[in-house]
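Participant: This is the structure I have questions about; it appears just below.
The values are calculated or read from the model by the stated rules, or taken from the named source; none is laboratory data. Everything quoted here is computed from the prediction, not taken from an experiment. Neighbour counts run over all protein chains shown; Cβ positions are idealised from the backbone, glycine included. In case anyone asks, the SASA skips ligands and DNA or RNA and just uses the protein heavy atoms, side chains included. Shrake-Rupley method; radii C 1.70, N 1.55, O 1.52, S 1.80 Å.
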Amino acid sequence: MTTVVLIVAGSLLVWAAGHQLLLRLTITGPLLMVAIGGCAGWLFHQRALSFFDSKLALYLAEVILALLLFVDAIDVRGSVRSHLTAVPIRLLAIALPLSLLFVVIVGLSLPLGLSVVAVLAISCLAVPVDFSPEISLIRNRRIPESVRRWLTIESGYNDGLVSPFLLAALALAITSGDPGDQAISVFLKAAPSGAIAVGVGLVVGTAAGWLFRLAAARGWSDERSTRLGILALPMFTFALAVLAHGNGFVSSFVCGVAVRIALSRNRSESEVRTDFRLAEDVAELTNLILWLAFGGASVALLAGALDWWPAIVLAGFVLTLGRMVPVLLSLAGSRVNWRDRTFMATMGPRGAASIVFGLIAFNALPGDDGIAVLSATCIIVLGSLLVHGMGAPIVIRALYGPATTPTDRRRRRRTRSDQQAGSRT
């Protein structure tokens with residue numbers, strides 16, 4: 001236990017001391033944590049594997065994902081109804097099903113040696129976009145605000161849309177009756193979970209925002225207690241949504257949108273951001289720890305796997321054509337310009353959502369199918385870290401230009417003022 005604490009604390013200290021330097025070297029926090037965790041997993045093989053074998057790991061990963069989605073929602077402007085604009089609908093209603101279909105076709109067409117259930121499960125965990133490993137992407141000011149908003153909305157809702165398909169796929173392997181009937185039954189029961197989640201998130205987020213405002217006005221709370229309450233809010237919403245048979249992840253995201261709207265009335269943006277600062281910091285901390293554990297467990301698992309190539313083939317397709325083609329097809333005929341289309345088609349990182357779905361499938365599927373799905377999860381997520389983590393700065397620079405420093409901005413302002421003075425004379 002002491003060794004684990006030493007590795008975790010030491011890794012966080014390294015990241016904290018060199019955060020900006022690492023970013024300049026295109027090394028993100030999750031990528032650093034996976035590298036350190038991988039070294040630890042190689043040295044402590046059996047201990048690292050216990051991450052996947054434990055139900056506790058699944059519960060912790062779910063809570064972390066709920067917190068991350070809640071924090072992501074803070075940057076989304078507008079009401080939940082305003083999310084249903086043309087581009088997010090195209091991404092969720094056209095690109096997402098096409099991605100699922102394409103991955104299933106490739107997995108079943110090629111001689112990969114995977115069962116139908118394994119291919120279906122892998123397609124469900126491989127498709128959801130999650131910006132937890134690349135949070136800087138949706139906060140990069142060089143990327144148009146509309147694009148960042150569309151991608152955040154997509155990542156907030158795609159988990160809830162994919163969950164029924166995953167549960168139906170798992171029902172094919174774990175039910176004793178007719179597999180087809182059982183899968184359809186499970187899907188129909190899980191399908192309304194998205195609507196339930198939206199309702200729970202809206203009610204809890206709006207009520208919590210109203211309660212925080214009332215408590216502050218009456219002197220019942222202070223800034224510190226409000227920040228602690230907001231930190232507990234996504235976990236409360238997640239648990240309540242699950243008890244109501246809703247999707248906890250979608251509910252946490254919607255709750256974040258609703259509570260921000262409720263807290264923003266007659267308050268400045270800086271005041272609202274202060275309320276969420278603790279939740280943002282804890283989300284980043286837990287996210288880094290999750291990636292550290294995942295890195296160690298992945299290396300330990302893949303070191304013992306005999307056959308990597310099916311997972312590598314699917315990962316290569318998922319991270320390239322499996323994302324690019326559906327997104328470009330879904331945006332055909334829209335008013336989105338080619339730069340934004342290319343960026344959204346190229347930048348589809350996989351992260352905590354894929355890890356959670358992979359753990360769910362691993363705990364539900366028997367024997368070789370569970371190992372195959374888990375191996376695919378590891379390779380897809382690790383591949384995404386490399387492709388999107390190191391490739392994102394290159395893509396952003398190519399599409400939207402180089403980053404501007406404060407010195408550059410001052411020079412531009414000086415040049416502009418000189419030109420204006422010259423025109424007046």
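Participant: Run the accessible area of the chain with a 1.4 Å probe and give the carbon-and-sulfur part as a rounded percent.
Facilitator: Looking at the chain in its full context, I get 66 percent from C and S.
Participant: Projecting each Cα onto the charge dipole of the range 245-342 (Lys/Arg +1, Asp/Glu -1 at the beta carbon, about the Cα centre), which of 333, 311, 322 comes out farthest on the positive side?
Facilitator: Selected residue: 333.
Participant: How are the C-alpha pair distances of the chain spread across 20 Å bins, as whole percents from the shortest bin up?
Facilitator: Taking all Cα pairs of the chain, the binned fractions are 25, 57, 16, 2, 0 percent.
Participant: With a probe of 1.4 Å, find how much accessible area the range 228-336 has per residue, and write the answer as a whole number in Å².
Facilitator: Per-residue accessible area for the range 228-336 comes out at 41 Å².
Participant: What is the gain in length, in nm to one decimal, between residue 110 and residue 394 on full extension, counting 0.36 nm per residue of separation less the C-alpha to C-alpha distance?
Facilitator: My answer for the length gained is 99.0 nm.
Participant: Using the Cα atoms as the points, what is the convex hull volume per residue of the range 225-270 in Å³?
Facilitator: Details: hull volume 3.3 nm³, N = 46.
In the range 225-270, the Cα hull volume divided by residue count equals 72 Å³.
Participant: Still on this structure, I have one more. As I understand it, the value is the acute angle between the Cα axis of helix 96-109 and the longest principal axis of the Cα atoms of the chain; what does it come to in degrees, rounded to 10?
Facilitator: So the inclination is approximately 30 degrees.
Participant: HN-Hα J couplings of the range 292-299 from phi, Karplus 6.51/-1.76/1.60, θ = phi - 60°, integer Hz, Gly and Pro as x?
Facilitator: Along the range 292-299, the couplings run 4, 5, 5, x, x, 5, 5, 5 Hz.
Participant: For the pair residue 44 and residue 334, what calculated FRET efficiency results from E = 1/(1 + (r/R0)^6), where r is the Cβ-Cβ distance and R0 = 60 Å, to the nearest 0.05?
Facilitator: It comes out at approximately 0.75.
Participant: Please state the shape class of the range 6-165: rounded when a/c is under 1.5, otherwise prolate if a/b exceeds b/c and oblate if not, all from the C-alpha gyration tensor.
Facilitator: oblate
Participant: Next up: Using helices alone, what [θ] at 222 nm do you get for the chain, with -39,500 (n - 2.57) per DSSP H run of 4 or more residues, divided over all residues and rounded to the nearest 500?
Facilitator: -26000 deg cm²/dmol
Participant: Still on this structure: What whole-number distance in Å separates the alpha-carbon centres of the range 230-263 and the range 1-40?
Facilitator: Value for the Cα centre distance between the two parts: 30 Å.
Participant: Give the Debye-formula value of log10 I(q)/I(0) at each listed q (0.13 Å⁻¹), with one equal scatterer per alpha carbon of the range 210-343, two decimals each.
Facilitator: For the requested q values the scattering log ratios are -0.91.
Participant: When the Karplus curve 6.51 cos²θ - 1.76 cosθ + 1.60 is applied with θ = phi - 60°, which whole-Hz ³J(HN,Hα) does each residue of the range 69-75 get, with x for Gly and Pro?
Facilitator: Residue by residue, the range 69-75 yields 5, 4, 5, 4, 5, 4, 8 Hz.
Participant: Now for a different question. Provide the packing ranking of 390-400, 152-162, 282-292, i.e. peptides ordered by the mean count of other C-beta atoms within 10 Å per residue, highest first. Spell out each step's value before the answer.
Facilitator: Details: 390-400: 15.8, 152-162: 25.0, 282-292: 20.7.
Highest mean packing first, the order is 152-162, 282-292, 390-400.
Participant: Which of 18, 172, 231 sits closest to the plus end of the dipole of the chain, meaning its Cα is farthest towards the positive end, when Lys and Arg get +1 and Asp and Glu get -1 on the C-beta?
Facilitator: Going by the charge dipole, the pick is 18.
Participant: Quick one: plug the Kirkwood hydrodynamic radius of the range 86-158 (C-alpha pairs) into Stokes-Einstein at 4 °C, 1.567 mPa s, and report D in µm²/s. Show your work: numbers first, answer last.
Facilitator: On the way: Rh = 13.7 Å.
D = 95 µm²/s.
Participant: Using 7 Å Cα-to-Cβ label points, what is the residue 222/residue 101 separation (nm, one decimal)?
Facilitator: Rounded to a tenth, the inter-label distance reads 5.9 nm.
Participant: Would you please put 270-281, 33-44, 351-362 in order of how densely packed they are, using the mean number of other Cβ atoms within 10 angstrom per residue and starting with the highest?
Facilitator: Ranking the peptides 270-281, 33-44, 351-362 by packing returns 351-362, 33-44, 270-281.
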